[in-house]
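Here the structure is laid out as structure tokens; the discussion comes afterwards.
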Amino acid sequence: MPPVGPRVSTVVVSFNTREHLLRCLASLETVVLPLEVIVVDNASADGSPEAVAERFPATRVVPNAENAGFARASNQGLALARAPHVLLLNSDAEVRPGAVETMAALLDARPRVGAVGPRTLGSDGSVQVSFGPPLTPLNEWRQRRLVQGVRAREAAALGRAAALAAVEHEPAWLSASCLLARREALGAVGGFDEAFFLYEEDVDLCRRLRQAGWTLVFTPEAEVVHHLGRSMEQAPERARLEYHRSHLHYYRKHNGRVATALLRTWLAATAAGRWLASWARRGPDGERARRRQGDVLRLALFGR
């Protein structure tokens with residue numbers, strides 16, 4: 001008999017999150033399905049590739065010479081994946097026992113489901129918002145209020161998030177912090193759009209999957225713990241700028257000229273106001289704030 005190949009290929013993109021990455025990979029040891037693990041490292045300076053090679057020798061490590069961004073690094077991993085299902089997993093996330101098996105069983109049972117996402121919990125056990133409606137100005141305003149309320153530990157927001165994450169449903173997008181997708185579906189849409197360096201590449205991917213006729217499913221029967229934003233802590237100013245860049249790219253790609261113009265106007269006005277306010281701050285803090293808001297203003301006005 002020929003050897004049985006993996007049922008699930010796991011792709012983890014890593015950037016300077018060594019200890020979280022090791023815990024992430026350790027959590028995958030609870031998966032009973034045949035599994036292959038691919039770590040694409042975006043030029044980490046904390047010894048992540050070496051630590052993975054020592055602790056998890058069966059894991060394939062792809063070291064990049066530079067930070068290629070999440071979308072491009074994920075596509076590198078997808079190109080190497082051999083299994084019918086691909087688990088996209090953030091390096092600061094940990095799957096709970098049975099989560100991967102539950103999501104894989106759902107894909108096996110429903111041929112038109114292209115991707116499934118689990119209930120995502122924060123480090124403190126509270127529910128994170130890991131899915132949502134189509135990305136439009138009104139929906140974004142509502143979603144932002146919910147996310148900010150959850151972060152502020154407002155009772156109403158926590159209750160709303162928990163209620164949304166208590167039932168299976170078909171959202172417009174699922175977070176790629178933990179996403180089990182059919183490799184066939186990912187291949188059909190060409191994987192991630194590499195014009196997204198960071199942020200909203202998963203929303204764009206999910207939109208294209210749905211446009212191609214695939215269904216997305218959120219299930220509360222699988223759980224993952226996500227220690228949110230550990231990679232972004234390494235370069236917070238660039239992360240914020242890349243968020244705005246991705247946001248504008250998504251709007252240009254999907255939401256039309258009017259909505260894009262409105263977003264650029266709002267972004268420019270907000271950055272200009274903060275740039276002016278930064279002159280009241282002296283020393284290095286004020287200089288950094290002016291530089292940061294100047295970068296956002298140039299992005300909004302000139303696209304760079």
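Worth a mention:
- Residue match in the stretch 1-23 (condition: basic (Lys, Arg) and part of a loop (DSSP other than H, G, I, E, B)): yes
- TRP141 vs. criteria at negative phi, of a type outside the set (Gly, Ala, Ser), surrounded by fewer than 16 Cβ atoms within 10 Å (Cβ to Cβ) and not assigned by TED's automatic domain parsing to the domain that holds ASN255: yes
- Any pair with Cβ under 7 angstrom, 6 or more apart, that starts in the stretch 122-149 at a residue that is more than 28 Å from ALA261 (Cβ to Cβ) and ends at one that is part of a helix (DSSP H, G or I) and of a type in the set (Gly, Ala, Ser): VAL127/ALA161; VAL127/ALA162; GLY149/ALA156; GLY149/ALA157
- Selection from the stretch 220-243 of residues that are crowded, with 19+ Cβ neighbours inside 10 Å and either at positive phi or modelled with pLDDT of 95 or more (or both): ALA222, GLU223, VAL224, VAL225, HIS226
- The selection criterion, being outside any helix (DSSP H, G or I) and either more than 24 Å from ARG252 (Cα to Cα) or among the acidic types (Asp, Glu) (or both), holds for ALA181.
- For the stretch 81-115, a residue qualifies if it is assigned to a helix (DSSP H, G or I) and β-branched (Val, Ile, Thr), and the qualifying residues are VAL100, THR102.
- Scan of the stretch 277-300 for residues that are exposed (fewer than 12 other Cβ atoms within 10 Å of the Cβ) and either among the acidic types (Asp, Glu) or in contact with a helix residue (DSSP H, G or I) (Cβ under 6 Å, 6 or more places away or on another chain) (or both), ordered by number: ASP285
- The single condition among (1) out of contact with any strand residue (DSSP E or B) (no Cβ under 7 Å at 6 or more places or on another chain); (2) in contact (Cβ under 8 Å) with a residue 40 or more places away in the chain that PRO111 does not satisfy is (2).
- The residue that is farthest from TYR243 (Cα to Cα), among those in the stretch 253-287 that are at pLDDT 90 or above and among the basic types (Lys, Arg), is ARG257.
- Qualifying positions in the stretch 119-133 - in a strand (DSSP E or B) and over 14 Å from GLU94 (Cα atoms): VAL127, PHE131, GLY132
- The stretch 1-47 - residue that is acidic (Asp, Glu) and more than 19 Å from ALA65 (Cβ to Cβ) and, of those, surrounded by the most Cβ atoms within 10 Å (Cβ to Cβ): GLU36
- Against the list (1) touching a Lys or Arg at 6+ places or on another chain (Cβ under 9 Å); (2) under 22 Å from VAL296 (Cα atoms); (3) surrounded by fewer than 18 Cβ atoms within 10 Å (Cβ to Cβ); (4) aliphatic (A, V, I, L, M), the condition ALA172 fails is (2).
- Flag if ASN67 is closer than 26 Å to HIS249 by Cα, assigned by TED's automatic domain parsing to the domain that holds ARG182 and in contact with a helix residue (DSSP H, G or I) (Cβ under 8 Å, 6 or more places away or on another chain): no
The values are calculated or read from the model by the stated rules, or taken from the named source; none is laboratory data. Please read these numbers as outputs of a predicted model, since none were measured by experiment. Here the Cβ is made from the backbone with ideal geometry for all residues, glycine too, and neighbour counts use every protein chain on show.
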